[in-house]
Structures are given as structure tokens and as C-alpha cells.
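First up is the structure itself, then whatever we jot down about it.
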């Protein structure tokens, strides 16, 4: 499976948003996984495992019960409920889920599903436009290489990149290096504002137009998370 190859390790600390950078990184990593994996039996078994539910319940506790995170909490609870329905899934339902993935993420043909999840497609209606090169340049600036067959502005890569930036911030904060930590915070803010927030919500909204309970739950969680991140990004910029 395509991925961004990490060149360093990660630790934990607290950010001003109320979520630690590690928690934010874990959310982005989870969302990246949900948007990139073909839903075969191994994928389903992993998502419906007790270990995965424990991780999601931990995330639910981190989100808490405040009014500012209500939509995110509801979206996560909906996804958890949807994942429970995957247990002991019949083969024909697995096939249907794979068909949903192909329709929603592969851009097989116009009208069959939404445009494929590449920033260049949503922002310029072209695959591999200058936007693709711009995103790749940012990956290289952060010390990452793209491995896999997808263009670097695929939704999975961009979400994975945010996970990496969050974890780099965490690493530097734990080391007491506030200069580099602040630099990675600024990198996150800019990448969110200039890239992810410009098109990913539009893609997720289009996914909701199709009859797929599983991917609708993924899209709703992604939308709720990015709405909260947009607010917290503005808060981080003002501090």
C-alpha cells in the first residue's frame, strides 16, 4: 500500500487546541488509513477487532463531552456503530463494500462516483497539475518521500502528511525544542489552510450523496474533524 515514508520517531505532549499533537496525529493517521485501504477481509477484521474498538473508545474519551466537540463525538460514535456491524460480515457484503470503495475513490468513470480524491482534480480539474508538484515539494521539505502508485496529492497522502507534521511537533516539544516545534505547528497550519481545507470537505460532501453507510460514516467523521481543526488552526494562529 502506498505510504509516506517516515524518517524520524515521535513522542507526546499537549497542544493549545485541547488535543495533544500525538492525539491529532493519531486521528489523521486513522483517517488516512480509512481513505486508502481496499476493504478486503483483513481490513474488516482489523477494524472490527477488540483492539481497534479500544483505540476508538480512548479517542472518544479524549474528545470528551464539551459542546465544541459535540459533532465530532457524534460522528465518531456513528462510525464505531458502523464498524460493529462489520463483524462476521457475509461475503456478499464484503463485495458490496469493495464496490463502494471503487466507486467512491477510484474515479472509474464520470457519473459513476465522485471525482477521484486528488487535490489537483478538485482545484483545477486536472490530474497531476502544478498543485501536485507543490504538494510533493512540501513533502520533500519535511523530509519525506512518496512511495506507491498514487499521485502525491491523494487524500490519503495529505492526511498522512498531517499526521507526520503533528508527530514531529510532538517530538520537538518533548525535547524542549520550542523553535522547531513552533515551526512544525506553522507547517500544519499552512498545509491545512492552503491544501486540505480547500478541497477535502468538498470530496467528503460528495461521498455523502452516495448510498454507502460505511463510507458516509467515514466522510462525516472527516468533515467533523476538519471543521474542528479549522477552528483550532485559527486559535493556534492567534497565539
If the chain between residue 74 and residue 133 were fully extended at 0.36 nm per residue, the gain over the current Cα-Cα distance would be 17.6 nm
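Quick one: if the Förster radius is 45 Å, what FRET efficiency do residue 49 and residue 208 give, using the C-beta to C-beta distance and rounding to 0.05?
Working: r = 27 Å, r/R0 = 0.60.
With a Förster radius of 45 Å, E is 0.95.
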Gain in span if fully extended, residue 81 to residue 141, counting 0.36 nm per residue against the direct Cα distance: 17.7 nm
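Which of 29, 90, 99 comes first, and how do the rest follow, when ranked by fewest Cβ neighbours within 10 Å? Working shown, then result.
Working: 29 17, 90 8, 99 12.
Listing 29, 90, 99 from fewest to most nearby Cβ atoms yields 90, 99, 29.
Using Cβ contacts closer than 10 Å as the measure, can you line up 122, 210, 112, 164 from fewest to most? Let's see the in-between values first.
Values: 122 21, 210 15, 112 12, 164 27.
Ascending number of Cβ neighbours within 10 Å: 112, 210, 122, 164.
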List the residues of the stretch 56-73 whose backbone N lies under 19 Å from a point placed 7 Å from the Cα of residue 235 along the Cα-to-Cβ direction. 59-73
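Would you compute, from DSSP H runs of 4+ residues alone, the mean residue ellipticity of the chain at 222 nm, taking -39500 (n - 2.57) per run and dividing by the full residue count, rounded to the nearest 500? Kindly include the intermediate steps, with their values, before the conclusion.
Working: 11 runs with 155 residues, N = 239.
Counting only the DSSP helices, I get -21000 deg cm²/dmol.
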If I build a Gaussian network model for the chain, linking alpha-carbon pairs within less than 10 angstrom, which residue out of 220, 125, 150 has the largest mean-square fluctuation? 125
Efficiency of FRET from Cβ geometry, residue 41 and residue 180, R₀ 35 Å, rounded to 0.05: 0.25
Distance in Å, no decimals, from the C-alpha centre of the stretch 164-233 to the one of the stretch 92-158 is 16
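Coordinate-derived values only; no laboratory data. Worth saying up front: this structure is predicted, and the values here are computed from it rather than measured. Because the Cβ atoms are built from the backbone with ideal geometry, glycine has one as well, and the counts that use them run over all protein chains shown.
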